[in-house]
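Below: one structure, written as structure tokens.
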Amino acid sequence: MPMLSVIIPTEGKEPPVVATLAALVPGVTAGLIQDVVLVDRGDTDTVARVADVAGCDYLVCKGSRADALAAGVKEARAPWLMFLHPGTVPDLSWIDETAQFIDRMASAPAPRAAILRYARSPYADQGVRAAAAHILRLLSGPSPDQGLVIARRHFEALGGYPAGRRDAERTLLRKLGRARLMLRSRIMVPG
């Protein structure tokens, strides 16, 4: 039974969206993903064409990123939500691990959310400055571009993404605090 809606806020650029969607295909064929919602803040119809070809739901949102994410949640149909940034690519293990996480949460005493482990792209700059940035990123804790898996009820109980806030995604991660679980699955983040 599909139980996960994936929400991807986009900026009108095709290549990063296509990379992320391609990584989600195995999750659809495994029956984990019910729907994918692309919420575009760009000024072109490029992402609309990608959504049409890929069979995704498509919305246009001229507001903030938080507004786009909130609009995506309203369109999503599944009881569990997964937020991904365009261009991020989760490894194949995310499918089984996410399904197991969702199953465990059905009998858990308290709600929890999960994020994927950060993995640096093998195509990223390999210089000293990039290596230092990579180490700093690992030490600074989870980032919104690592993907978030959360029950819709838990998301709404926490207040979701506050409208108009630039740091809405980080605010939600802070609210989750220790109720956040790091999955073993990795997500490759561009840059």
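The values are calculated or read from the model by the stated rules, or taken from the named source; none is laboratory data. Every value quoted in this text rests on a predicted model; they were computed, and no experiment measured them. No Cβ is skipped: glycine too gets one built from the backbone with ideal geometry, and neighbour counts run over all protein chains shown.
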Take the residues of region 76-85 that are modelled with pLDDT of 95 or more and outside any strand (DSSP E or B): which is surrounded by the fewest Cβ atoms within 10 Å (Cβ to Cβ)? Arg77
Tell me whether region 95-116 contains one or more residues that are part of a helix (DSSP H, G or I), under 15 Å from the mean Cα position of the chain (by Cα), over 17 Å from Ala168 (Cα atoms) and polar (S, T, N, Q). yes
Criterion: modelled with pLDDT of 85 or more and more than 24 Å from Glu14 (Cβ to Cβ) - qualifying residue of Arg104, Arg165: Arg104
Count of residues meeting criterion [of a type in the set (S, T, N, Q) and surrounded by 17 or more Cβ atoms within 10 Å (Cβ to Cβ)] in region 18-30: 1
Quick one: in region 127-162, which of the residues that are of a type in the set (Val, Ile, Thr) and surrounded by fewer than 19 Cβ atoms within 10 Å (Cβ to Cβ) is modelled with the highest pLDDT? Val128
Assess whether Pro15 counts as being buried (at least 16 other Cβ atoms within 10 Å of the Cβ) and either farther than 21 Å from Ala151 by Cα or in contact with a Leu (Cβ under 9 Å, 6 or more places away or on another chain) (or both). no
Output the helices (runs of 4 or more DSSP H) that fall wholly within region 1-75 and possess 2 or more residues being of a type in the set (A, V, I, L, M) and in contact (Cβ under 8 Å) with a residue 60 or more places away in the chain, or say none. 14-29, 65-75
